[in-house]
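Have a look at the structure below before the remarks.
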Amino acid sequence: MLLGYEVFKSGLEFIDFADNKIINTINPHSYCIAKNDKIFEKALKASDVLLPDGIGIVWADKFLNNHNIKKIAGFDLFLFLMQKLNTENGAVFFLGASQDTLDKIKRKCALDYPNVSLGNYSPPYKPVFTTEDSYKMCSQVNAFQPDVLFVGMTAPKQEKWVYKYKDELNANNICSIGAVFDFYAGNVNRAPKFIIRLGLEWLHRSMKSKRLFKRNFISNPKFILDILKIKFFIKTNKCE
């Protein structure tokens with residue numbers, strides 16, 4: 001069952017991770033993709049926890065419902081769970097990215113989170129995995145039996161893969177966190193903290209990548225227009 005937004009008024013510490021297996025994030029771009037990709041839409045709606053990873057989502061909930069929620073990025077989730085695992089002597093598995101990136105993550109985790117057991121697997125780099133590919137990925141994860149599985153294969157590929165194979169995976173929490181692998185490995189620099197606090201991380205990333213610039217400046221206006229339509233459609237119905 002999808003967790004209500006009320007929990008995000010206070011932060012990740014109020015989520016009962018013991019009862020929530022699939023954790024995904026949503027931002028204006030993924031919202032727009034999901035409108036035209038029904039499997040992706042199902043994957044997001046099937047999440048046990050769907051985090052508002054985008055200032056646009058925070059704005060939309062305030063505009064539509066007058067809720068005051070917090071933006072919770074995939075990187076915030078990663079840091080929170082890694083610290084939790086370090087305290088509990090837990091185990092984590094990283095699925096996705098190149099082996100070079102995974103090796104960087106492993107070396108950095110050994111310094112930052114020395115009490116965490118770590119496994120990883122770099123799947124084949126291809127648009128669509130074969131059934132054999134996917135079962136190899138599942139077997140690698142299950143042999144390690146992690147408390148947390150981080151999946152980093154970009155959206156919507158990662159969410160759709162988890163949605164299809166979630167029942168085959170032996171992990172307490174499965175988190176699709178995409179670009180976090182590159183952030184933590186140091187392949188890509190995240191925005192400065194003051195930019196994040198201003199809600200402009202999306203703009204910072206767009207300035208650094210032509211692909212993200214095009215993506216955000218197409219998706220964001222579409223998202224805003226949709227929210228305006230929802231707001232005024234609801235108002236029109238209420239007045240009738």
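Numbers below:
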item: Qualifying residue in the range 173-182 (condition: surrounded by fewer than 18 Cβ atoms within 10 Å (Cβ to Cβ) and assigned by TED's automatic domain parsing to the domain that holds Asn120); result: no
item: Pairs where the first residue, in the range 115-133, is under 27 Å from Gly90 (Cβ atoms) and the second is among the acidic types (Asp, Glu) and part of a helix (DSSP H, G or I), C-beta under 7 Å, 6+ apart; result: Pro123/Asp133
item: Where a residue in the range 18-38 is more than 26 Å from Leu169 (Cβ to Cβ) and in the same structural domain as Tyr163 (by TED's automatic domain parsing) and its partner, wherever it lies, is at pLDDT 95 or above and not in a strand (DSSP E or B), with Cβ under 8 Å and at least six apart; result: Lys35/Glu41
item: Boolean, Asp61 is touching a Lys or Arg at 6+ places or on another chain (Cβ under 8 Å) and in the same structural domain as Phe129 (by TED's automatic domain parsing); result: no
item: Of all residues in the range 147-192 being small (Gly, Ala, Ser) and over 21 Å from Lys104 (Cα atoms), the one that is farthest from the chain's Cα centre (by Cα); result: Ala171
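The values are calculated or read from the model by the stated rules, or taken from the named source; none is laboratory data. These numbers were taken from a predicted model, which means no experiment stands behind them. Here Cβ is always computed from backbone atoms with ideal geometry, including for glycine, and neighbour counts include all displayed protein chains.
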